[in-house]
Amino acid sequence: MLLILTVISALDTVKTREILGVIMAGSTLTRAQLSEAVYQEVGLSRNESADLVEGVLSEISDTLVRGESVKLSSFGSFSVRQKGERKGRNPKTGEEVPIKPRRVLVFKASNVLKQNINSSLNPELGEVVDDPEAS
């Protein structure tokens, strides 16, 4: 739990948001990039930062595998839902096919994250603006 709090507090700064913004511009955020952001913000060695990120992701994954929810303040919550068996249809042939019961991962964004995502929208035009302060 301490690992999670350390990473979250480290990533909740303006400097780290700038680092992640540059990293994520049009791409997927990787573990290596996340580790680099922790390294730059927290001051741990690169190996310690990588171990910290791996530990946090492993803890989140293990918790979800056990069927428990994971809530990250100001970010959102992950949970596992059980879906029952149902009938599906093969779109090519139209034949009914049974879909087996399974567990699915669900993410629900927090209101803070939703507001951050929408804060760059110009409410009058519905357009994305480069500088949220400009509107």
- When the stretch 25-61 is checked residue by residue, the ones that are exposed (fewer than 11 other Cβ atoms within 10 Å of the Cβ) and modelled with pLDDT of 90 or more are Ser45, Asn47
- Scan the stretch 69-119 residue by residue and report those that are surrounded by 11 or more Cβ atoms within 10 Å (Cβ to Cβ), part of a loop (DSSP other than H, G, I, E, B) and free of Cβ contacts under 8 Å to residues at least 12 places away in the same chain. Ser69
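The values are calculated or read from the model by the stated rules, or taken from the named source; none is laboratory data. Keep in mind that what you see is a predicted model, and the values were worked out from it rather than measured. Note: ideal-geometry Cβ built from the backbone for every residue, glycine included; neighbour counts use all protein chains shown.
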